[in-house]
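The values are calculated or read from the model by the stated rules, or taken from the named source; none is laboratory data. If you're wondering where the values come from, they're calculated on a predicted model, not measured in any experiment. Neighbour counts run over all protein chains shown; Cβ positions are idealised from the backbone, glycine included. Keep in mind that these areas ignore ligands, DNA and RNA; they rest on the heavy atoms of the full protein, side chains included. Shrake-Rupley method; radii C 1.70, N 1.55, O 1.52, S 1.80 Å.
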Amino acid sequence: EPKTPNILYHYCSVDTMLKILQNYCIWLSDAEKTNDKSELKYFPEQMEKMLLNIIESYQREVNSDLLTLVKKVLKKSIESVYLGSAYVVQNTKNYFCCFSENSDLLSQWRAYGNDGQGVAIGFNAKLLSRIDDMNNYDFVKVIYNQKFVLKNIQEYMKGNLKYIFENITEKELNPVDIMFNLAPILTPILQDRFAFKHPSFREEREWRLFRKQVGNFD
């Protein structure tokens, strides 16, 4: 649980600032339309490498056909989540609004502050944090160093993969059965991929107000 700062800054144009002040509201953007197309893929890709390494460690214990099949299904399932073809993702839309702990950052002015002609609005971060858990909203600090997180996921996945390897019989040696076992384990982790960014962005010290919407997107 990160300590929430007193003020977080939202970089935008003067026109956007006026709309925020006049309408008493801020807008969340479609996470899939972020200007960094690699962003939502970064964490799944790191996770895929880690999971494939775990599977490789079972080489001496598990039937090679099963091992190959689990690898194939794992890669396909992770890919389907970040490409949007998985059913659970098709039925979900993600939105967020971004803030920075830094009030005067050149990269933020260039990307969001109208190339230095805009503003950085200071928001009371304690008030923003109250929105967390209300109507599917989350208020999160972006994670740039994944080592600790991936280590925890690795321990979690080791136990689950071991269970899958021990309980899938020869009769169930097909992608559908393996996917059925993997989906409940992978999906909750992958759906939180919005909280992770490449370490090269760490200077942003970003926080996000995030909303997950299921069902009716109108």
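Taking the Cα atoms only, what angle lies between the long axis of helix 39-56 and the longest principal axis of the chain, rounded to 10 degrees?
In the chain, helix 39-56 runs at an angle near 20 degrees to the longest axis.
Could you give the accessible area per residue of the chain, probe 1.4 Å, as a whole number in Å²? Kindly include the intermediate steps, with their values, before the conclusion.
Details: 13150 Å² over 218 residues.
That works out to 60 Å² for each residue.
State the label only: which of (i) 1.05; (ii) 1.02; (iii) 0.93 corresponds to Rg/Rh (Cα atoms, Kirkwood Rh) computed from the shown model?
Structure-derived value, by its label: (i).
Among 74, 40, 18, which one moves the most in a GNM of the chain with springs linking Cα atoms closer than 10 Å?
Taking springs between Cα atoms under 10 Å, the residue moving most is 18.
Could you work out how far apart the two model spin labels at residue 63 and residue 7 are, taking each label as a point 7 Å from the Cα in the direction of the beta carbon, and quote it in nm?
With each label point 7 Å from Cα toward Cβ, the separation is 6.4 nm.
Which of these, 176, 70, 140, has the largest mean-square fluctuation under a Gaussian network model of the chain (Cα springs below 10 Å)?
It is 176.
Which angle from 0 to 90°, rounded to the nearest 10, does the C-alpha axis of helix 147-167 make with the longest principal axis of the chain?
That helix lies at roughly 30 degrees to the long axis.
Quick check: the distance between the Cα centres of the range 1-68 and the range 184-215, to the nearest angstrom?
3
Can you give the extra length, in nm with one decimal, that the chain gains between residue 151 and residue 32 once fully stretched, where that is 0.36 nm per residue apart less the Cα-Cα distance?
On the way: separation 119, 0.36 × 119 = 42.84 nm, distance 2.69 nm.
Taking 0.36 nm per residue and subtracting the Cα distance, the gain is 40.1 nm.
Under 5 Å between amide H atoms, partner at least 5 residues away or on a different chain: which partners does residue 29 have, H built in plane at 1.01 Å?
For residue 29, the qualifying residues are 96, 97.
Around residue 188, with a cut-off of 15 angstrom between Cβ atoms, what is the net charge of the other residues, counting Lys and Arg +1 and Asp and Glu -1?
Working: positive: 193, 212; negative: 138, 192.
Result for the neighbourhood of residue 188: 0.
Under 16 Å Cα-Cα from residue 75, which aspartates and glutamates qualify once same-chain neighbours fewer than 8 residues away are excluded?
45, 48, 56, 65, 177
Measure nothing but the geometry: give the 0 to 90° angle between the long axis through the Cα atoms of 14-23 and the longest principal axis through the Cα atoms of the chain, rounded to 10°.
The angle comes out near 90 degrees.
Check the straight Cα-Cα distances from residue 71 and name the lysines below 26 Å, setting aside those fewer than 8 residues away within the same chain.
Straight-line reach from residue 71, under 26 Å: 37, 41, 49, 147, 151, 158, 162, 171, 197.
Less than 17 Å apart at the alpha-carbon level, and either on another chain or at least 8 residues along: which lysines does that give for residue 3?
126, 141
Relative contact order for the chain: what percent, with Cα pairs under 8 Å and sequence separation of 6 or more? Numbers along the way, then the final one.
Numbers: 266 pairs, mean separation 86.0, N = 218.
Over the chain, the number comes to 39 percent.
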